[in-house]
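The values are calculated or read from the model by the stated rules, or taken from the named source; none is laboratory data. None of the values given here were measured: they were computed from a predicted structure. Please note: Cβ atoms are built from the backbone with ideal geometry, for glycine as well, and neighbour counts cover all protein chains shown. All accessible areas refer to the heavy atoms of the entire protein, side chains included, with ligands and DNA or RNA removed. Shrake-Rupley method; radii C 1.70, N 1.55, O 1.52, S 1.80 Å.
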Amino acid sequence: MKSQSVTAPSLTKKRYTFFTDVRRNRFSYLLILPALLYVLVFSYLSYPYMIIAFKNFNYKLGVFGSEWCGFKNFEFFLKSTNAPTVIRNTLVLNLLFIVTGTLTSLVLAILLNELRSRVFVRTAQTMMLFPHYISWVVVSYILLAIFSNKNGLANQLLNALGMKSVSWYTKADVWPTILVWMKIWKSAGMNAVIYLAAITGIDESIYESATIDGANRFQRIVSITVPLIMPTVCIMTLLAVGKIMNGDFGMIYALVGDQGILYETTDVIDTYVTRSLLELQEFGMTSAAGLYQSTFSFLLVLLANKLVKKVEPDYALF
């Protein structure tokens, strides 16, 4: 009588499934190799160097030979007179970016989905995606052409209306609004494409059933489109919350620069830490600020995900 034991072959097959998949799809794995190496080097291999945040770093002694200083680097940052301002600016600007960006992207995606002209939709998508690929340095020159104190387009329009020119680069209170509009202009198109992809994945039979029941276009959007893409919206929002303590350094530094008069509303943790690093050469303090950002953001993601899970478990990230 033949033995019915098939355990060994099945275990062997499971053990080598991954490597078999790599051999079969080696070109696909080759494409993601640069991204994997980037994450490995700059995310995982850099973990041991976080101890700089707890050391009085010395070039001669190196990272692991420098003297331990406990939480003094954190105290240096948190007790700084500028800490409340930069933390507040970072949180406020990122909250504005998340709320306005999500709403704008969602509205754009719904509008594009409701249009019937495929040619217009493709043209509009191309135009919306184009700003995403423009460098913030280029955007800064566009912004300068609009808000320049002398020949800026904004002041020309004000003069044409009989109003006085405004020194935009000395008015700190208007810059949060400017930054929000620039962020929307540059990133809303890309996020709208993600939401549009989620909308196109909705079963058309659901819309057909709603139409037969007498639902108009607005009712179909409110009752079908929005609820069914809400999981995608929640996931995108949770991912954005994970970066809420990380200011967009490239954006802020390119658009605002070293305009000290604007620091009151535009100076974020990243720009403050960079200036401190360049001026004071305090690697311990900058590392402590970075660790503080990451830890705070991680806790916010856990809290936000827990709240979402209580309201609707299917919308949670994990």
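Quick notes
- Neighbours by Cβ (under 7 Å, 6+ apart or cross-chain): first from the stretch 203-214, closer than 11 Å to residue 225 by Cα; second open to solvent by less than 90 Å² (accessible area, probe 1.4 Å): 206/224; 207/220; 207/224
- Unique match (being open to solvent by 70 Å² or more (accessible area, probe 1.4 Å) and assigned to a helix (DSSP H, G or I)) among 287, 276, 223: 223
- Among the residues making up the stretch 195-216, those that are within 30 Å of the chain's Cα centre (by Cα) and open to solvent by 70 Å² or more (accessible area, probe 1.4 Å) are 200, 203.
- Residue check: residue 177 meets all listed conditions (1) of a type in the set (S, T, N, Q); (2) within 15 Å of residue 98 (Cα to Cα); (3) surrounded by 17 or more Cβ atoms within 10 Å (Cβ to Cβ) but one, namely (3).
- Hits in the stretch 129-154 - residues which are closer than 19 Å to residue 262 by Cα and open to solvent by less than 60 Å² (accessible area, probe 1.4 Å): 136, 139, 140, 143, 146, 147, 148, 152, 154
- Verdict on residue 294 being part of a helix (DSSP H, G or I), small (Gly, Ala, Ser), open to solvent by less than 30 Å² (accessible area, probe 1.4 Å) and under 18 Å from residue 249 (Cα atoms): no
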